[in-house]
Amino acid sequence: MARDYYGTLGVGKNATPEEIKRAYRKLARQLHPDVNPDAEAEFKEVTAAYEVLSDPKKRQVVDLGGDPLESGGRGGGGGGMGGDPFSGFGLGDIMDAFFGANSAGGGRGPRSRTQPGSDALIRLDMTLEECAAGTNRELTVDTAVLCDRCHGGGCADGTSPIKCDTCGGRGEVQSVQRSFLGQVVTARPCPVCRGFGEVIPDPCGQCGGDGRVRSRRTINVQIPPGVAEGMRVRLAGQGEVGSGGGPAGDLYVEIEEQQHDVFERDGSELHCVVRIPMTAAALGAVLPLSTLDGEEELDIEPGTQPNTELLLTGRGMPRLRSNGRVDGRGDLHVHLEVVVPTKLDARQTELLRELATERGEEEPTLAHNGKSGGGLFSRLRSGRGNR
């Protein structure tokens, strides 16, 4: 599977070059090794994604489903019938084929058939409770793995690669063209061996000479407590195996956090709304509240006002540091909403009128403005209320 360059920078596929640059600069400031020594791998990944998406030609390859940084393809020998003659070319090889790798006959030599594999990405849905406690999940991934028949060599049993007759093992061929400057010598990858300098006369019947096959497998991943939406867990060496049996890339598990029915998350802080009747707000009460840690008692003081916020310390989400360690927990913010009844029967109305009479609350009163130096009306007239 191709790398998710847009996801790495956190931008959409329709992002403008300016948006891509801003996203990269923001991530680079956070992940630079001078600032965050533990994020060197992430910094390299973000930089590679920016280099690809900031290049219109490479970005076009990504939009077509390819990977401009993926080296190699099928490694079958000789460019035989039925094969894709360009499947072993990377983007640089195609450009070299059109414009020449260099001049004056200076060759770069054959390239190795063994190439490193690319990274892979898989997304994992998690509940808020799982994000808080961490979890161990079994994931099914579909990636390129080492061919167990040829063990990455690409050759059938008892055979081995031979030197390419076309390029003589150099991996490139030269051509001479006349111009007003004289003779110009250019070099390009050999079209027969695709730049490897050797061909496989009898490819492996299982992988076709590539040294790898696609396979579905199951792996275990340990998700630490405190992960959040968009975070990635890196599994080293669990990505795509490279062509020719090259080392595998990494597998990144990206967290997709499901919305909770009660709690709203803000980093390590949790928020919830509790609705209480006006009688409970006036008289006080002790209410049960279900948190991530179990049942808690919520103490409502007598005379509690609307929009009061109660703080339950240490009942929020674990704080996850960049090195994967948990550093304490956030808090749970309980926002109290006082519910005023909208329909009263005759008896309830009579009781409330008696209470209002007893408290001298028969007529509404205007609130005082305090000692701020003038009321709201005077401040509006003077223009100070609009500042």
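The values are calculated or read from the model by the stated rules, or taken from the named source; none is laboratory data. What you see is a predicted model, and the numbers here were worked out from it, not measured in a lab. Cβ placement follows ideal geometry from the backbone for every residue including glycine, while neighbour counts extend to all protein chains displayed. SASA here: full protein model, heavy atoms, side chains in, ligands and nucleic acids out. Shrake-Rupley method; radii C 1.70, N 1.55, O 1.52, S 1.80 Å.
Checking each residue in the stretch 27-60 for being open to solvent by 40 Å² or more (accessible area, probe 1.4 Å), over 15 Å from Lys13 (Cα atoms) and not in a helix (DSSP H, G or I) picks out His32, Pro33, Asp34, Val35. Can you spot a residue in the stretch 357-378 that is open to solvent by 90 Å² or more (accessible area, probe 1.4 Å), at pLDDT below 70 and either in a helix (DSSP H, G or I) or touching a Cys at 6+ places or on another chain (Cβ under 9 Å) (or both)? Within the stretch 357-378 (the criterion being open to solvent by 90 Å² or more (accessible area, probe 1.4 Å), at pLDDT below 70 and either in a helix (DSSP H, G or I) or touching a Cys at 6+ places or on another chain (Cβ under 9 Å) (or both)), the answer is yes, since at least one residue qualifies. Screening Thr308 on (1) touching an Asp or Glu at 6+ places or on another chain (Cβ under 6 Å); (2) among the polar types (S, T, N, Q); (3) farther than 30 Å from Asp38 by Cα shows it passes everything except condition (1). Considering only residues of the stretch 295-326 that are open to solvent by 90 Å² or more (accessible area, probe 1.4 Å) and outside any strand (DSSP E or B), which is nearest to Leu31 (Cα to Cα)? The qualifying residue nearest to Leu31 (Cα to Cα) is Arg321. Output the residues belonging to the stretch 15-41 that are closer than 21 Å to Gly239 by Cα and touching a residue at least 12 places away in the same chain (Cβ under 8 Å). Residues satisfying the conditions are Asp38, Ala39, Ala41. Just name the residue that is most open to solvent (accessible area, probe 1.4 Å) out of those in the stretch 276-294 that are outside any strand (DSSP E or B) and touching a residue at least 60 places away in the same chain (Cβ under 8 Å). Taking the candidates together, the pick is Met278. For Leu332, the requirement of being of a type outside the set (D, E, K, R) and touching a residue at least 40 places away in the same chain (Cβ under 8 Å) is met.
Answer yes if at least one residue in the stretch 45-64 is under 26 Å from Arg232 (Cβ atoms) and at pLDDT below 80, and no otherwise. Checking the stretch 45-64: at least one residue is under 26 Å from Arg232 (Cβ atoms) and at pLDDT below 80. The criterion of at least 1 residues that are open to solvent by less than 40 Å² (accessible area, probe 1.4 Å) and in contact (Cβ under 8 Å) with a residue 60 or more places away in the chain is met by the following strands (runs of 3 or more DSSP E) wholly inside the stretch 169-275: 172-179, 182-189, 212-223, 251-257.
Filtered by the rule that a residue be within 21 Å of Gly109 (Cα to Cα) and part of a strand (DSSP E or B), the stretch 154-168 gives Ile162, Lys163. When the stretch 327-338 is filtered for residues that are part of a strand (DSSP E or B) and buried (at least 17 other Cβ atoms within 10 Å of the Cβ), the ones remaining, listed by number, are Arg329, Leu332, His333, Val334, Leu336, Val338. Restricting attention to the stretch 144-160, the residues being open to solvent by 50 Å² or more (accessible area, probe 1.4 Å) and either aromatic (Phe, Trp, Tyr) or under 44 Å from the mean Cα position of the chain (by Cα) (or both) number 7.
Of the residues making up the stretch 109-129, one or more are open to solvent by less than 70 Å² (accessible area, probe 1.4 Å) and at pLDDT below 85. Filtering the stretch 47-61 for residues that are basic (Lys, Arg) and under 17 Å from the mean Cα position of the chain (by Cα) leaves an empty set.
Condition check for Asp63 on (1) closer than 23 Å to Arg123 by Cα; (2) surrounded by fewer than 17 Cβ atoms within 10 Å (Cβ to Cβ); (3) free of Cβ contacts under 8 Å to residues at least 24 places away in the same chain: one failure, at (3).
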